[in-house]
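What follows draws every value from the coordinates through simple rules; no lab data is involved. As the structure is a prediction and not an experimental result, all values here were calculated from the model. Here Cβ is always computed from backbone atoms with ideal geometry, including for glycine, and neighbour counts include all displayed protein chains.
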Number of protein chains: 2
Amino acid sequence: MLNVIGVEGLPEVVPGDDLAALIADAVDGALEDGDILAVTSKVVSKAEGRLVAARDREDAITSQTVRVVASRTTPDGRITRIVENPLGLVMAAAGVDGSNVPDGYVLLLPEDPDASAQAIAVRVRERTGLRIGVVISDTFGRPWRDGQTDLAIGAAGIHVLDDLRGGVDDNGRALQVTAAAIADEIASAADLVKGKTSRMPLAIVRGLAHLVGGLDLPGARAIVRLGAADMFRVGSEEAWREGYEAGVRAARDERGD
Amino acid sequence: MLNVIGVEGLPEVVPGDDLAALIADAVDGALEDGDILAVTSKVVSKAEGRLVAARDREDAITSQTVRVVASRTTPDGRITRIVENPLGLVMAAAGVDGSNVPDGYVLLLPEDPDASAQAIAVRVRERTGLRIGVVISDTFGRPWRDGQTDLAIGAAGIHVLDDLRGGVDDNGRALQVTAAAIADEIASAADLVKGKTSRMPLAIVRGLAHLVGGLDLPGARAIVRLGAADMFRVGSEEAWREGYEAGVRAARDERGD
């Protein structure tokens with residue numbers, strides 16, 4: 001049995017707030033051992049002063065872009081940019097958030113969401129004496145599927161991957177499914193309760209105590225897969241264009257041009 | 001509040017079983033109005049006789065491949081193929097399942113999982129008189145992230161996308177986040193309870209009655225996005241190679257070769 005309980009009562013978060021303390025207050029008396037707190041990245045960013053003035057949202061996206069993965073002009077003339085951001089996350093608009101912020105401002109993702117999760121976990125564990133975990137989530141699109149789901153961008157005190165590699169099936173054969181992305185599934189489950197426009201950035205996920213562990217467990221950064229194992233380094237059109245230019249050069253070199 | 005309740009008591013499913021009736025029996029007395037049943041595709045496939053003899057799993061994958069999206073040889077010499085299958089799903093190994101099946105057999109995905117979900121929803125609604133929804137899930141890898149999550153491959157009686165397009169944020173500005181992929185988030189939430197090796201292919205998801213609707217709502221096929229909107233039609237390496245060959249041809253044509 002899994003329960004996801006939305007938490008009311010977190011005040012409007014402003015820069016400089018001690019978010020860990022606010023969260024500890026909001027869940028005071030409601031937590032049980034083995035609970036996992038799911039926190040929307042937006043409140044973490046706000047507390048950490050990541051609301052920045054931006055003449056233009058596009059400039060802000062550029063500032064958060066390590067590498068453009070794919071970009072397209074949509075039929076209504078807007079540019080969609082899928083980029084790798086400084087956290088290694090491949091996201092539309094680099095994760096720069098322009099909704100529910102004052103005019104002329106954008107909200108950047110937390111600078112180190114695993115550290116943010118760690119700070120919250122430490123504080124809540126100290127306050128309650130309970131072994132709890134923390135997931136910080138943000139909203140992602142995906143290739144090949146419409147719509148967005150919430151995934152984990154920060155985590156502390158939980159096994160982010162339930163690694164079955166080396167495990168066997170009921171017939172004793174090696175399992176082909178290797179590792180359930182637990183932290184991402186928790187973020188998605190919590191989003192079903194927290195929703196999008198409601199002011200409920202915090203939920204308690206109960207029933208996964210077996211996935212809660214030490215504060216030295218790897219954070220959500222461990223889920224990021226880039227480099228050689230990444231089959232989708234850049235969009236198809238970008239890769240095609242790179243290949244085309246290389247092909248033209250190769251054919252000309254062959255001719256001694 | 002969201003509850004995900006694993007359902008015990010579904011018998012081992014064999015070809016020809018009336019799965020809708022078995023599920024209706026297993027949840028008898030446990031359902032409430034507005035519940036959503038999350039069903040692992042594996043039992044649907046088994047009931048529908050999708051366990052097929054296969055000399056070789058690779059041949060079975062080829063038979064389920066509409067189009068190769070990307071393929072790589074892993075360091076241990078195995079070939080990973082990401083393909084589009086007949087359902088429009090882009091998946092590793094086309095969704096062909098070789099675990100927990102007899103030697104010499106593989107399990108294919110249901111032929112029409114939206115229709116399978118519909119059949120279950122109709123039967124359970126008739127039996128109970130309750131307005132319930134159904135999601136059929138399978139396990140997917142993803143670009144840029146390690147691990148797998150469960151997503152919806154079939155659905156009936158629910159809003160698969162919680163469409164906020166045209167909506168406004170708390171400041172009255174157009175929402176940039178467009179549509180939460182509810183059906184996928186439900187599949188992921190249910191996977192946290194159903195797990196991978198346990199024999200629990202069925203869960204009740206309670207607390208989302210506002211997302212349950214008529215049996216004429218679009219199924220999970222509506223989540224599939226391919227064609228012009230797909231920036232990742234093929235893997236980067238595949239696209240690069242296509243582009244390279246086109247570049248070589250273009251340079252040669254230019255020379256009149």
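Highest average first, the peptides A:219-231, B:91-103 ordered by how many other beta carbon atoms sit within 10 Å of their residues are B:91-103, A:219-231.
Each Lys and Arg contributes +1 and each Asp and Glu -1, all at the Cβ; summed about the Cα centre of the protein assembly as shown, the dipole is approximately 580 debye. Within the stretch B:92-168, the proportion of C-alpha pairs whose separation exceeds 19 Å stands at 55%.
Counted by neighbouring Cβ atoms within 10 Å, the residues A:Thr128, B:Thr74 run from fewest to most as B:Thr74, A:Thr128. Find the percent of Cα-Cα distances in the stretch B:54-95 that exceed 16 Å, and round it to a whole number. I get 31 percent for the Cα pairs in the stretch B:54-95 exceeding 16 Å. In terms of surrounding Cβ atoms within a 10 Å radius of their Cβ, B:Asp184, B:Asp59 rank from fewest to most as B:Asp59, B:Asp184. Taking 0.36 nm per residue of sequence separation and removing the Cα-Cα distance, the B:Ser71/B:Glu237 pair yields an extension gain of 58.9 nm. Across peptide B:222-231, the mean count of Cβ atoms from other chains lying within 10 Å of each residue's own Cβ comes to 5. If you take all other residues with their beta carbon under 9 Å from the beta carbon of A:Pro113, and give Lys and Arg +1 and Asp and Glu -1, the sum is -3.
Shown for A:Thr178, B:Thr139: other C-beta atoms within 10 Å of each C-beta, ranked fewest to most, produce the order A:Thr178, B:Thr139. Geometric descriptor of the protein assembly as shown, per residue, is 168 Å³ (volume of the convex hull of the Cα atoms). Ignoring solvent entirely, what values of log10 I(q)/I(0) come out of the Debye formula for the stretch A:42-129 at 0.11 Å⁻¹ when each Cα is a single scatterer? Calculated log10 I(q)/I(0) at the listed q: -0.37.
For the stretch B:45-108, trypsin sites (Lys or Arg not before Pro) are listed when DSSP marks them as loop and at most 16 other Cβ atoms sit within 10 Å of their Cβ; the list is B:Arg55, B:Arg78. Lysine pairs in the protein assembly as shown whose alpha-carbon atoms fall under 17 angstrom of each other, counting only those eight or more residues apart or on distinct chains, come to 6. Near B:Ser63, once Lys and Arg are set to +1 and Asp and Glu to -1 for all other residues with Cβ below 11 Å from its Cβ, the sum equals -2.
Is there a simple number for the mean count of other chain Cβ atoms within 10 Å of the Cβ of residues in A:77-85, and what is it?
1
Peptide B:131-137 has a mean of 0 when you count, residue by residue, the C-beta atoms of other protein chains within 10 Å of its C-beta.
Restricting the stretch B:29-82 to GluC sites (Glu not before Pro) that sit in a DSSP loop and have at most 14 other Cβ atoms within 10 Å of their own Cβ leaves B:Glu32. Return the Rg/Rh value of chain A, two decimal places, where both radii are evaluated on C-alpha atoms and Rh is the Kirkwood radius. Reported Rg/Rh, Kirkwood definition of Rh: 1.04.
Other residues within the sphere of radius under 14 Å centred on the Cβ of A:Arg125, judged by their own Cβ, net out at -3 (K and R +1, D and E -1).
Between the alpha-carbon centres of the stretch A:27-51 and the stretch B:69-135 there is a gap of 35 Å. With R₀ set to 35 Å, the beta-carbon distance separating A:Ala246 from B:Asp216 gives a calculated FRET efficiency near 0.10. The mean sequence separation of alpha-carbon pairs under 8 Å and at least six residues apart, normalised by the residue count of the stretch A:70-139, gives a relative contact order of 15 percent.
Put +1 on the Cβ of every Lys and Arg and -1 on every Asp and Glu Cβ in the protein assembly as shown; which of B:Ile186, A:Ala181, A:Ala246 then has its Cα farthest towards the positive end of the dipole? Sorting the options by dipole projection puts first A:Ala246.
Its Cα centre serving as origin, chain B has a Cβ charge dipole (Lys and Arg +1, Asp and Glu -1) of approximately 360 debye.
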